Structures are given as structure tokens and as C-alpha cells.
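The values are calculated or read from the model by the stated rules, or taken from the named source; none is laboratory data. In this text the structure is predicted, and so the values were computed from the model without any measurement. All Cβ positions, glycine included, derive from the backbone under ideal geometry; neighbour counts span all protein chains shown.
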Amino acid sequence: MGTEEAETDLLTSDPGTSGRFGNFGGCFIPETLVPACQELEIAFREAWADEQFHSELDRLLADYAGRPSPLTICGRLSEELGTSVLLKREDLNHTGSHKINNVLGQALLAKRMGKSRLVAETGAGQHGVATATAAALFGLECEVYMGEVDMERQALNVFRMRLLGAEVRPATTGSRTLKDAVNEALRDWVATVETTHYCLGSVMGPHPYPWMVREFHRVIGSEAREQCLKQVGKLPNTVVACVGGGSNAAGIFSGFANDSQVRLVGVEPAGAATVGRKVPGVLHGSLSYLLQDEFGQVSEAESISAGLDYPGVGPEHSYLADTGRAEYHCVTDEEVVEAFGLLSRTEGIMPALEPAHALAWISRERADLAGEVVLLNLSGRGDKDAAQMVEYFK
Ligand SMILES: *Cc1c(COP(=O)(O)O)cnc(C)c1O
């Protein structure tokens, strides 16, 4: 289906059975996982076409996660920056970030597939906590792989996951961070596919994950578009989101895919500017831009925010960058710390460090954005980062 796919609409397309976004994506996995990915694709296609699945998921998103999340028009911040800033408040979801949208979708799908167990990877712990939460809600067993280094850095989230009934297993290979946790989770899945669903946390990995996870986050963009028209009377000029694996960005971008006048901007940490460097490679089952050294070895990402500390990026973002539909920029840790303080001080909202990247870009580009309406996806709240920020605000 190769040639047809290139003509499908960006961010709205079904990438077909090959899971390709242009040249990116695909399904580069060990043979033992091929049936599992195929089973998952079929189950997701069926569920996504089923009214009852949608109504069950919508009810959970409303009654359990707290959707729709509000759209906040920022008065004091807008005055300070000279551009009208709107926040999509994913920080107000249950468990404190956008991650719950995807996890509730996948947990419901796992149930439907007759699986009794979830495995997940986690970096800073937000996806692990969201998965453990959904597992508790649905009565599923749950095991979360987390880099040993991250377990030390994010001890509170380790406690939260254990309290929720999940087993947290240290990933002890490589750099002992997120990349290694994904490897461990994939290894577990290979051995347990009969009973287990791998609840992957971003728009990455083998097909159908990048597409499926984007669809589960589409609700962010759909709500935001409608709220923007209702509350501001027009569409935003620019939509900005931080990019780790790229799920919160894909979710909000998808709402504006067909509004070609709306500029889409993804913001990466300077130490993990994956899309910015444009070197393709295969990691964790898909072809995308990838941080790597001159020998093609995956390099370590480095960022103040553990949630963006991933050397890859979802394949659709690589495609969006290549086609020019979205742009990707990066900001430094210093700019992020400043943005963290700025939103707290001007609006009484403490952002997670990840979306503080997006605000940092808006703040830096304020002269260019003067007079515009800018929509920022506030993907999570900053409580988890407060302790880390203490030393910067003495
Ligand atoms: C996990 C996380 C991210 C990064 O993941 P994406 O898939 O790029 O969205 C961003 N913001 C918050 C609050 C997160 O918890």
C-alpha cells in the first residue's frame, strides 16, 4: 500500500497494516512478537469501530479521569508575553498528566482481548503510575519496568506504583534508564504474550502503537479545538507541545491536522533534540529519527526532565517534520527552569518540567508571536518536579 499511504492526511490517517508514516514507522520486531502485534492491531481496529467500546472509554474518561479538561485563558501571562496564551489543562486529569487517556484505552482493550496482566515501561514514573492505576481499576496484574537510576531519582513514584498493587522491576542494563526499561518490557512481553498486554506509554514502538496511542490521545485535540472556538471565537494561530516520545503533541496536533493555517510546533530538550538532528535509525520496533553516534549506536539523551529523556521520537513526528506540517525546536534547561517559575508566578499553575519546555519556547519567541493566539498543551502538573526545583528558587 506504500504509494497510497503517502497521500493520506497527516495526523488523521490510518497507517494501514504496514504501519508506515511516509518512510517512517513500521514493525521491526523479533519474530516471536509478530503474532502479538498483529493480534493487537486487529483487536484495536475492531474496538475502535465499536460504539460500545467508545462509550465505555468516554464514560471512564469523564467519570474517572475528569474529562473534558478545561481550556484556560491566561490573563497575566499573556500580558507579560504580549501574546495571548491558552492552556489545555491535561495537568488536571487524574494522576496528573495526559498519560491516563492512553492507559485507560489500552487497559480497556486488554480486558477485551482477555488479557489478565499489563506490563509497562516508565521513565520518570508517570506512565508507570497511570498503568498501575488502570490495573487497580480493572483488577489486572501489573508489572512496571523502570531503570535502576530512575528508581532512585523518582522514589516517590516507585512507592505510588507499589501502593497501587504493581510490581516495580529495575532495569539494570545499559544506562539503566527509560530506553533500557523498554527493552526489559519487550523481553517480558515476548515470554508472556498469551496472558499479557504491553501497555506502551507513547507514540513509539512497533505498529500499531504509534497510531493507536495517537488515537487514544486524539481527545486532547478535539476538545481543545472546540473549546478554543467557543471561548476565543477563533482557532489558535499556533499550537505548541513538548516532545519526548511525542504522545501529548500528537494528541493535540491531531485536532488541528486539517487546519493548514494553524502552525504546529513541537519542543524538545536541547540534550535530546532527536527530530532536530534528523538522523534516522531503528529503535524499539520502528524507524524514526534517533540520537546516535557516528557508529549508529544509540546515544544517551540528557535533559533536566526525566520524562523527555528518550533518545527516540514517534515515527509520525519524523514524518511531520519532513513534510513541514510541524516544526520542531529545542530549548535549554535554563530556559525551562525560568518557564517553570514564570507560569507558577503569573497564573498560579505549577507546570511539569516537560510542558515547561513548550512555554520556554513561547517565551523566547514572544516577539515573533506578538498579538497571536497560542495554544499550549499543559501535559502535566509540576508536583513531581517540585523537590528537584528547590535549589533553583532559593
Ligand atoms: C511522559 C510525559 C511527557 C512526555 O511524553 P510524550 O509522549 O512526549 O507526551 C510529557 N509531559 C508529561 C507531563 C509527561 O508525564
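Working carefully through the options Leu353, Leu369, Leu375, Leu320, find the one that is under 27 Å from Leu11 (Cα atoms) and either in contact with a Pro (Cβ under 6 Å, 6 or more places away or on another chain) or modelled with pLDDT under 95 (or both). Quick ask: steps written out before the conclusion?
On the way: Leu353 fails: either in contact with a Pro (Cβ under 6 Å, 6 or more places away or on another chain) or modelled with pLDDT under 95 (or both); Leu369 fails: either in contact with a Pro (Cβ under 6 Å, 6 or more places away or on another chain) or modelled with pLDDT under 95 (or both); Leu320 fails: either in contact with a Pro (Cβ under 6 Å, 6 or more places away or on another chain) or modelled with pLDDT under 95 (or both).
Unique residue meeting the criteria: Leu375.
The set of residues in the range 62-94 being closer than 16 Å to Pro351 by Cβ, under 24 Å from the mean Cα position of the chain (by Cα) and assigned to a helix (DSSP H, G or I) consists of Glu90, Asp91, Leu92.
Would you pick out the residues in the range 107-128 that are in a helix (DSSP H, G or I) and under 14 Å from the mean Cα position of the chain (by Cα)? Let's see the steps before the verdict.
Kept after step one, since they are in a helix (DSSP H, G or I), are these residues of the range 107-128: 107-112, 126-128.
Those that are in a helix (DSSP H, G or I) and under 14 Å from the mean Cα position of the chain (by Cα): Gln126, His127, Gly128.
From the set of residues in the range 234-285 that are over 29 Å from Ile73 (Cα atoms) and within 14 Å of the ligand (Cβ to nearest atom), which is surrounded by the most Cβ atoms within 10 Å (Cβ to Cβ)?
Kept after step one, since they are over 29 Å from Ile73 (Cα atoms), are these residues of the range 234-285: 271-285.
Filter again for within 14 Å of the ligand (Cβ to nearest atom), leaving 272-275, 284.
On the way: Ala272: 25, Ala273: 21, Thr274: 33, Val275: 25, His284: 24.
Within the range 234-285, the match that is surrounded by the most Cβ atoms within 10 Å (Cβ to Cβ) is Thr274.
Among the residues in the range 16-38, are any over 28 Å from Val119 (Cβ atoms) and in contact with a Phe, Trp or Tyr (Cβ under 7 Å, 6 or more places away or on another chain)? Scanning the range 16-38, I find at least one residue that is over 28 Å from Val119 (Cβ atoms) and in contact with a Phe, Trp or Tyr (Cβ under 7 Å, 6 or more places away or on another chain), so the answer is yes. Please indicate, with yes or no, whether at least one residue in the range 32-40 is at pLDDT 95 or above and within 21 Å of the chain's Cα centre (by Cα). Within the range 32-40, one or more residues are at pLDDT 95 or above and within 21 Å of the chain's Cα centre (by Cα).
Scanning for something touching a residue at least 12 places away in the same chain (Cβ under 8 Å) and within 13 Å of the ligand (Cβ to nearest atom), does the range 182-194 turn up at least one residue? Talk me through it step by step, then tell me what you get.
Of the residues in the range 182-194, the ones touching a residue at least 12 places away in the same chain (Cβ under 8 Å) are 182-186, 188-190, 192-193.
Adding the requirement that they be within 13 Å of the ligand (Cβ to nearest atom) leaves 182.
Checking the range 182-194: at least one residue is touching a residue at least 12 places away in the same chain (Cβ under 8 Å) and within 13 Å of the ligand (Cβ to nearest atom).
Search the range 366-394 for residues being among the acidic types (Asp, Glu) and outside any loop (DSSP other than H, G, I, E, B), and hand back the single one that is farthest from the chain's Cα centre (by Cα). Don't jump to the end; show me each part of the working.
Filtering the range 366-394 for residues among the acidic types (Asp, Glu) gives 368, 372, 383, 385, 391.
Then drop every residue that is not outside any loop (DSSP other than H, G, I, E, B), which leaves 383, 385, 391.
Working: Asp383: 18, Asp385: 17, Glu391: 28 Å.
The extreme case among them is Glu391.
The residues in the range 94-110 that are surrounded by fewer than 24 Cβ atoms within 10 Å (Cβ to Cβ) and within 14 Å of the ligand (Cβ to nearest atom) can be counted, and the count is 3.
Specify which of the listed residues (Ala386, Ala356) is closer than 27 Å to Thr177 by Cα, within 16 Å of the ligand (Cβ to nearest atom) and touching a strand residue (DSSP E or B) at 6+ places or on another chain (Cβ under 9 Å). When all the criteria are applied, what remains is Ala356.
Can you tell me which residue in the range 152-188 is nearest to Arg112 (Cα to Cα), limited to those that are hydrophobic (A, V, I, L, M, F, W, C) and surrounded by fewer than 21 Cβ atoms within 10 Å (Cβ to Cβ)? Even if it seems obvious, please write down each step before you answer.
Taking the range 152-188 and keeping what is hydrophobic (A, V, I, L, M, F, W, C), we get 155-156, 158-159, 161, 163-164, 166, 168, 171, 178, 181-182, 185-186.
Next, only the ones that are surrounded by fewer than 21 Cβ atoms within 10 Å (Cβ to Cβ) stay: 155-156, 159, 163-164, 168.
Numbers: Ala155: 33, Leu156: 32, Phe159: 29, Leu163: 26, Leu164: 22, Val168: 25 Å.
Ranking the candidates gives Leu164 first.
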